Amino acid sequence: MTIYYRDARTIDGPALAAMARRSFTETFGTLYRQSDLAAFLDEAFGPNGLPSQLSDPDFAVRLALADDQIIGFVKMGPVTFPGEWRPDAIELYQFYVLAPWQGEGVAPVLMDWSLEHARSHGAKEIILSVYVDNHRAHRFYERYGFREIGRYAFRVGETIDDDRIMRLVL
């Protein structure tokens with residue numbers, strides 16, 4: 001099966017939202033009460049979340065597809081974490097790859113695109129947050145030179161998760 005990559009388009013919104021919901025639930029669904037999970041999924045991936053950002057010029061989303069099905073994506077845009085950030089910083093918001101495709105080379109291609117996107121838009125650093133117990137993601141980001149610089153309270157419904165903020169200086 002051939003994997004290919006392209007920029008997301010507005011028309012991808014429903015399929016991308018469904019894939020993002022599936023990926024988040026596969027990875028983290030057992031950590032939350034159903035009401036908290038549902039509230040987060042609706043906020044993050046409902047019509048006013050990820051799909052609406054596909055037409056927003058402040059955001060860029062790159063897709064990985066197999067048989068015309070979205071199997072992974074990465075989203076980048078302006079830094080929204082609390083605090084003072086360099087004006088030439090960019091945030092890596094979401095980096096999802098469906099479980100059957102993890103370890104198949106999808107994530108490195110998406111990360112390479114993210115680094116090139118950041119550099120081509122004048123960014124000098126990339127900021128992201130990752131769940132404290134998502135060790136696989138931590139190792140992946142560290143391989144690219146990201147380093148932990150702080151903590152972030154990430155809300156999923158009424159649940160507050162302990163995330164780590166990581167930075168890569170380009």
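Brief remarks on what is shown
- From ASP36, ASP7, residue being among the acidic types (Asp, Glu) and in contact with an Asp or Glu (Cβ under 7 Å, 6 or more places away or on another chain): ASP36
- Strands (runs of 3 or more DSSP E) lying entirely in region 105-170 (those with 2 or more residues that are among the aromatic types (Phe, Trp, Tyr) and in contact with a strand residue (DSSP E or B) (Cβ under 8 Å, 6 or more places away or on another chain)): 147-156
- Restricting attention to region 117-149, the residues being crowded, with 16+ Cβ neighbours inside 10 Å and either without any contact (Cβ under 8 Å) to a residue 24 or more places away in the chain or closer than 23 Å to GLY83 by Cα (or both) number 12.
- Residues being open to solvent by 10 Å² or more (accessible area, probe 1.4 Å) and either among the basic types (Lys, Arg) or at pLDDT 95 or above (or both) - total across region 76-87: 3
- When SER55, SER114, SER23 are screened for being more than 20 Å from ASP133 (Cβ to Cβ), open to solvent by less than 50 Å² (accessible area, probe 1.4 Å), polar (S, T, N, Q) and in contact (Cβ under 8 Å) with a residue 40 or more places away in the chain, only SER114 passes.
- None of HIS121, HIS117 is more than 16 Å from the chain's Cα centre (by Cα) and at negative phi except HIS121.
- Residues of region 134-170 that are of a type in the set (A, V, I, L, M) and closer than 20 Å to ALA123 by Cα: ILE149, ILE165, MET166, LEU168, VAL169, LEU170.
The values are calculated or read from the model by the stated rules, or taken from the named source; none is laboratory data. Every value quoted in this text rests on a predicted model; they were computed, and no experiment measured them. Neighbour counts run over all protein chains shown; Cβ positions are idealised from the backbone, glycine included. Side chains are part of the model used for accessible areas, which takes the heavy atoms of the whole protein and leaves out ligands, DNA and RNA. Shrake-Rupley method; radii C 1.70, N 1.55, O 1.52, S 1.80 Å.
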